[in-house]
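Novice: Quick one: this structure, given as structure tokens, is what I'll be asking you about.
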Amino acid sequence: MAIAIEYGSDGGMALVGYGDDVGGPAPSAYLVRTDALGQELWARGVDGASADEGYTVFEDSVSGDLYIGGRTLGMGGPGTRGFITKFTANGTHVWTRVIDNAFDVIGIQPLTNGRFATLLRAQNIAGGHGAYDALLVTFNDQGSSLSNRLFGTAADEYPVSLSLTGSGGLLITCYRSNPGGIYAV
């Protein structure tokens, strides 16, 4: 099942999703890279030892490196957590980072100097405002966490998108329960 598509600087596409028999014995997150005609260049599964789901993909417009994010039910331990994986433009796995206390990587956006920001759905996290909050984590190109910030209210916020603004900032959009509505930071 393909979940997200990123159009590459070369006219090709990067598709991320999850399915059976794509990386190991468990349902696995996967990434497929195509050329401008839609022909598969390569495909990669992520982990494969645990059930993992890919939800978002981002291409670095300078290097062509691909970053995918999603949810893991394992990758080294029990429990649901978010993950981010980096592949080179030719499909070589570089690193995978698991993010404890949060799950569902909703979006990935580039920042400056090779850094990038990720938006995760956090549940019952220490210091949280409600049962669900938006967690923004920044990383360097090596996958080291640089900072994190939690956004939310006493209501539950369900993050749905992370976008760049015209001025170079980030826009987090969430759906809020009780009172219902859209919440933006």
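The values are calculated or read from the model by the stated rules, or taken from the named source; none is laboratory data. In this text, all values refer to a predicted model and were calculated from it rather than measured experimentally. As a convention, Cβ positions derive from the backbone with ideal geometry for all residues, glycine included, and neighbour counts pool all protein chains shown. When the accessible area is computed, the model is the full protein with side chains, heavy atoms only, and any ligands, DNA or RNA have been set aside. Shrake-Rupley method; radii C 1.70, N 1.55, O 1.52, S 1.80 Å.
Novice: Using beta carbons and a limit of 7 Å, which pairs, at least six apart or on different chains, have the first residue in the range 130-156 and more than 12 Å from L111 (Cβ to Cβ) and the second one of a type in the set (K, R) and open to solvent by less than 40 Å² (accessible area, probe 1.4 Å)?
Specialist: That search, which allows pairs on different chains as well, returns G143/K86.
Novice: Still on this structure, please answer the following. When the range 126-148 is examined, which residues are found to be open to solvent by 30 Å² or more (accessible area, probe 1.4 Å), in a strand (DSSP E or B) and among the polar types (S, T, N, Q)?
Specialist: Matches in the range 126-148: S145, S147, N148.
Novice: Could you check how many residues of the range 149-185 are of a type in the set (S, T, N, Q) and either crowded, with 16+ Cβ neighbours inside 10 Å or within 15 Å of the chain's Cα centre (by Cα) (or both)?
Specialist: Here is the first cut: in the range 149-185, the ones of a type in the set (S, T, N, Q) are 153, 161, 163, 165, 167, 173, 177-178.
Imposing the further condition that a residue be either crowded, with 16+ Cβ neighbours inside 10 Å or within 15 Å of the chain's Cα centre (by Cα) (or both) reduces the set to 161, 163, 173.
Count: 3.
Novice: Kindly establish whether D21 is open to solvent by 50 Å² or more (accessible area, probe 1.4 Å) and at pLDDT below 85. Spell out how you get there, then give the answer.
Specialist: Values: open to solvent by 50 Å² or more (accessible area, probe 1.4 Å): yes; at pLDDT below 85: yes.
Criteria met by D21.
Novice: Okay, moving on. May I ask you to list the residues in the range 115-129 that are more than 20 Å from G152 (Cα to Cα) and in contact (Cβ under 8 Å) with a residue 40 or more places away in the chain? Steps first, please.
Specialist: Going residue by residue through the range 115-129, those that are more than 20 Å from G152 (Cα to Cα) are 115-116.
Listed by number, the list holds a single entry, F116.
Novice: Can you spot a residue in the range 105-112 that is in a loop (DSSP other than H, G, I, E, B), of a type outside the set (F, W, Y), more than 29 Å from G12 (Cα to Cα) and open to solvent by 70 Å² or more (accessible area, probe 1.4 Å)? Spell out how you get there, then give the answer.
Specialist: Residues of the range 105-112 in a loop (DSSP other than H, G, I, E, B): 111-112.
Filter once more, so that each one left must be of a type outside the set (F, W, Y): 111-112.
Filter once more, so that each one left must be more than 29 Å from G12 (Cα to Cα): none.
No: zero hits.
Novice: Which one of the conditions (1) among the polar types (S, T, N, Q); (2) in contact (Cβ under 8 Å) with a residue 40 or more places away in the chain; (3) open to solvent by 20 Å² or more (accessible area, probe 1.4 Å) does N101 fail to meet, given that it meets all the rest?
Specialist: It fails just one condition, (2).
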